[in-house]
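The values are calculated or read from the model by the stated rules, or taken from the named source; none is laboratory data. From a predicted model like this one, the values you see are computed outputs, not experimental measurements. All Cβ positions, even for glycine, are placed from backbone atoms using ideal geometry, and neighbour counts span all protein chains on display.
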Amino acid sequence: MARPIRTIDLFAGAGGLALGFEMAKLGFEPVYAVEIDRDAATTFKQHFRCDVHMGSISTVVRYPEAEVIIGGPPCQGFSALGRDRSDESRALINELWRDYVRAVCEVRPQAFVIENVPQFQRSPQFEQLLWLMANDPVLSEYRYNFGVLNAADYGVPQVRRRGIFVAVRGDRDVPWPPPPTHGPASKHGTLYRTVRDAIGDLPARPTGIELNYLAEHQDLHLGRSVTPKSLERYRAIPAGGNRFDLRRNRPDLEPRCWKNKPTGTSDVMGRLHWDRPSVTIRTEFFKPEKGRYLHPEEHRPITHREAARLQSFPDDFFFEGNKLSIARQIGNAVPPLLGKALAEFVYRLVFMTVD
């Protein structure tokens, strides 16, 4: 039996990226992870059964040996969604990528993968990373490439653009991008996976309001208690519609803040389209006032199970925590199928035996 390819997962979250490496079935095996959120760390540990450091990455004393390091330093400091944070908070978050680099320099893996928002690759911090890749005595041993990938191009039923950086130790070039498996750029022109592909077989009505834990099953097809006025608003949104349909169909239901904002995003209070990939699933997908998170036909937001499927999590992946915590874990995760494509890419570059 071939020796496992040991991986370390930094800023691991619930383990979406690690799950993708596992799904590739190429021998990748987590030996260590770091995650500060207790519920997410518990989710990771109960699935992968490896040592998990539940705390700040800055408190890690020593890393074990590993062939690959993967992970995504927190993105709120770079993302437009984090603009409400204090300057001090953003600055601290923006520097966490250095702890990732510290781990690489200590472990010296055969390859490493950094996942982040696209904005990171346009930041001063990224310029510093590129300088280190050319000048640091350890990092300069790596060749690398990077760019923005759309998860839909790799089988995820969701448009989600992420900045990906892949580095391998030695003189091997890193071609770019990893070959898409879906969409017009894929080798065989495989169609994108759609919302219907992902959730079309689930019951139209959610199966419960509260989390239901059974022996080896977690029911996340959870409804949300809404006010009668919210339900009226949902009913006023036609297929493919959004908040602007309230102005046309039921102006009496349009909130004052929207009346005072006649232009803006068309995703707010929008319905997902059955035959397209979904919009990006974020941590508050259960609030249609935050984005296009209404079910394509039913008068309700999407459920936790539907969101997990749109992120490409299998139904047997068990999340720890309450409803809000699980939603946060789902929305923050790297879609596992994107992780699987990255695992296959790294394996071909570094570990594939050439006869």
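On the given criteria, is D252 surrounded by fewer than 18 Cβ atoms within 10 Å (Cβ to Cβ) and outside the structural domain of V174 (by TED's automatic domain parsing)?
The answer is yes for D252.
Please find, within the stretch 1-26, the residue that is surrounded by the fewest Cβ atoms within 10 Å (Cβ to Cβ) out of those that are small (G, A, S) and touching a residue at least 40 places away in the same chain (Cβ under 8 Å).
It comes out as A24.
Restricting to the stretch 315-324, give me the number of residues that are in contact with a helix residue (DSSP H, G or I) (Cβ under 8 Å, 6 or more places away or on another chain) and either without any contact (Cβ under 8 Å) to a residue 12 or more places away in the chain or within 19 Å of F48 (Cα to Cα) (or both).
6
Collect the residues in the stretch 37-68 that are free of Cβ contacts under 8 Å to residues at least 24 places away in the same chain, in a loop (DSSP other than H, G, I, E, B) and either under 17 Å from the mean Cα position of the chain (by Cα) or surrounded by fewer than 18 Cβ atoms within 10 Å (Cβ to Cβ) (or both), keeping them in residue-number order.
Within the stretch 37-68, R49, G55, S56, V61 meet the criteria.
Any residue in the stretch 288-309 that is among the polar types (S, T, N, Q) sitting within a Cβ distance under 9 Å of a residue that is in a helix (DSSP H, G or I)? List the pairs, counting only those 6 or more apart or interchain.
That search, which allows pairs on different chains as well, returns T303/I199.
Looking at (1) surrounded by fewer than 17 Cβ atoms within 10 Å (Cβ to Cβ); (2) under 23 Å from H273 (Cβ atoms), can you tell me which one A151 breaks?
It fails just one condition, (1).
Quick check on my filter: what residues within the stretch 257-291 are farther than 17 Å from A236 by Cβ and acidic (D, E)?
Matches in the stretch 257-291: D275, E284.
I need every pair where a residue in the stretch 275-287 that is under 7 Å from G331 (Cα atoms) has its Cβ under 7 Å from the Cβ of a residue that is in a loop (DSSP other than H, G, I, E, B), sequence separation at least 6 or different chains.
These pairs meet every condition: I281/Q311; R282/G291.
Scan the stretch 203-245 for residues that are part of a helix (DSSP H, G or I) and either surrounded by fewer than 17 Cβ atoms within 10 Å (Cβ to Cβ) or in contact (Cβ under 8 Å) with a residue 60 or more places away in the chain (or both) and jot them down.
P228, K229, L231, E232, Y234, R235
Could you tell me whether the stretch 139-148 includes any residue that is closer than 28 Å to R62 by Cα, surrounded by 15 or more Cβ atoms within 10 Å (Cβ to Cβ) and of a type in the set (S, T, Y)?
Yes; the residues of the stretch 139-148 include at least one that is closer than 28 Å to R62 by Cα, surrounded by 15 or more Cβ atoms within 10 Å (Cβ to Cβ) and of a type in the set (S, T, Y).
Residue-by-condition table, conditions (1) without any contact (Cβ under 8 Å) to a residue 24 or more places away in the chain; (2) crowded, with 20+ Cβ neighbours inside 10 Å; (3) in contact with a Phe, Trp or Tyr (Cβ under 7 Å, 6 or more places away or on another chain):
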{"residue": "Q158", "(1), (2), (3)": "no, yes, no"}
{"residue": "I164", "(1), (2), (3)": "no, yes, yes"}
{"residue": "A167", "(1), (2), (3)": "no, yes, yes"}
{"residue": "V174", "(1), (2), (3)": "no, no, yes"}
{"residue": "P177", "(1), (2), (3)": "no, no, no"}
{"residue": "H188", "(1), (2), (3)": "yes, no, no"}
{"residue": "R193", "(1), (2), (3)": "no, yes, no"}
{"residue": "D197", "(1), (2), (3)": "no, no, no"}
{"residue": "G200", "(1), (2), (3)": "no, no, no"}
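If I filter the stretch 304-355 down to residues being among the polar types (S, T, N, Q) and over 14 Å from M23 (Cβ atoms), which single residue comes out as modelled with the lowest pLDDT?
T353
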